[in-house]
Each structure stands twice: as structure tokens, then as C-alpha cells.
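The values are calculated or read from the model by the stated rules, or taken from the named source; none is laboratory data. Owing to the predicted nature of the structure, the values given are computational and were not obtained by experimental measurement. Cβ coordinates were reconstructed from backbone atoms using ideal geometry, including for glycine residues, and neighbour counts include every protein chain displayed. Just the protein is used for accessible areas: all its heavy atoms, side chains included, with ligands, DNA and RNA removed. Shrake-Rupley method; radii C 1.70, N 1.55, O 1.52, S 1.80 Å.
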Amino acid sequence: MSVIRASLISASASAVGLLVLAPVTASAEPAAELTDYGNGCVVDPGNSAATLDSLRNRCSVTQQDQIYRDAQAGAVPQGVTDGWVTRPPQLVAVAPALWIGKVFRTGPDGGTLTNRVVGTEAFPADVYRTPSILDGRPAWALNYAPSPTPQVYDEIREISPGVWFGYSWWREGEWPLITAFILAPA
């Protein structure tokens, strides 16, 4: 047997031994499961359309609030997003004529945004991660201090991949809720 051939056989046997002895580990994370909040209100990480439909048409205020509390801050939105108001009911019907979403200029740590309002971009805000004023856990702040509406302060969480839910408050007195809203990539 030649020296080269013997070396190849020895190396092959060693590699086979390593393959047999090496533990097998899965690198992929398990798929997130659908969370059912009852009465058709679901968060489905694999189906953003179902999650959007639930938040807009099937979830009660209490369920929306629980979904927000259950969520992590998640990734920050990037680029153009569509937006929908979920409450108060008086704004749900009129908001689409005025506000259709936001444009995020962000990286992994935040950045800035402008709102998509009546065919233009307006009302800039700074975007950064901070404790939620609702529950103290991490959320994305949309701080309108640099805009003509410095009293407005929003916070959002990614409740499902590519779907964010959040609140808009007025920074005076006890910080009354202005609206709750949803964002998703346009």
C-alpha cells in the first residue's frame, strides 16, 4: 500500500470517527406558534395578514392591550409602513383620510421617522429603544419632541414579524391616550 493511500485511509477513518462521535445540533430556532386570545383574535407569526385582520377587526381593547404586554420590543421598523388606527372608534373611520402610516429611517438601534399625512411626509420623530411608559419593559419610542407636535409620544412593539402595535399619548397631565395603532410594511 502506498504511503499516500495509507494517509488518505487514515484521514478518512478519522473524519468518519469525528462525524460519528460529534453530537448533532439543530441551528434553526423552532417556529413560533399562533397565539389565540379568543373570539378570532390571534397573533400568527407565520401569517401577518391574519394578525393584521385580528387587530383591526376581531380583538377587543383588552385583548389588544394584552397582546402589547405579551410582546417584546422586537425589531425596529424600517422604510415605508402602512398604518391603521384601532381606537378610539371615532378616529378609526376618519384616520385613513389623514394618516396612512410612517416612513422609518432606522438602523438596529433606532433613528428617525416622518408620518405619511395627506400625501406628504410630516411630523418628524426620533426613534429609540426605551422602557415602556405602560409597563416598564423595552419598547420603541417614537418621540415627537423635534416636531411641531412635541406633546405627542408614541411607543410600539413588534407583536409578530413585520407587525407593530402601539399607542400614542399626549404629554400633559396624566398622559391621556390619543390613539392605538398598527404598522406593517407598505
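Below is a table of values for the structure above.
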{"quantity": "Sole exception among (1) in a strand (DSSP E or B); (2) in contact (Cβ under 8 Å) with a residue 60 or more places away in the chain; (3) at positive phi for ASP82, by number", "calculated": "(3)"}
{"quantity": "Within the range 24-81, considering residues that are over 22 Å from VAL92 (Cα atoms), modelled with pLDDT of 95 or more and among the acidic types (Asp, Glu), the one surrounded by the most Cβ atoms within 10 Å (Cβ to Cβ)", "calculated": "ASP44"}
{"quantity": "Selected residue (only one of ARG157, ARG129 is open to solvent by 10 Å² or more (accessible area, probe 1.4 Å) and either in a strand (DSSP E or B) or touching a residue at least 60 places away in the same chain (Cβ under 8 Å) (or both))", "calculated": "ARG129"}
{"quantity": "Residue list for the range 112-121, filter: exposed (fewer than 14 other Cβ atoms within 10 Å of the Cβ) and either part of a loop (DSSP other than H, G, I, E, B) or touching a residue at least 24 places away in the same chain (Cβ under 8 Å) (or both)", "calculated": "VAL118, GLY119"}
{"quantity": "Single residue of the range 139-148 satisfying the filter (in contact with a strand residue (DSSP E or B) (Cβ under 6 Å, 6 or more places away or on another chain) and either open to solvent by 30 Å² or more (accessible area, probe 1.4 Å) or modelled with pLDDT under 95 (or both)) that is nearest to TRP99 (Cα to Cα)", "calculated": "SER147"}
{"quantity": "Members of the range 93-111 found to be more than 16 Å from the chain's Cα centre (by Cα) and either surrounded by 15 or more Cβ atoms within 10 Å (Cβ to Cβ) or over 17 Å from ASP154 (Cβ atoms) (or both), listed by number", "calculated": "ALA93, VAL94, ALA95, PRO96, ALA97, TRP99, ILE100"}
{"quantity": "Residue count, the range 51-74 (criterion: under 14 Å from PRO138 (Cα atoms) and not in a helix (DSSP H, G or I))", "calculated": "4"}
{"quantity": "Verdict on PRO88 being open to solvent by 20 Å² or more (accessible area, probe 1.4 Å), out of contact with any Asp or Glu (no Cβ under 9 Å at 6 or more places or on another chain) and within 28 Å of ASP44 (Cα to Cα)", "calculated": "yes"}
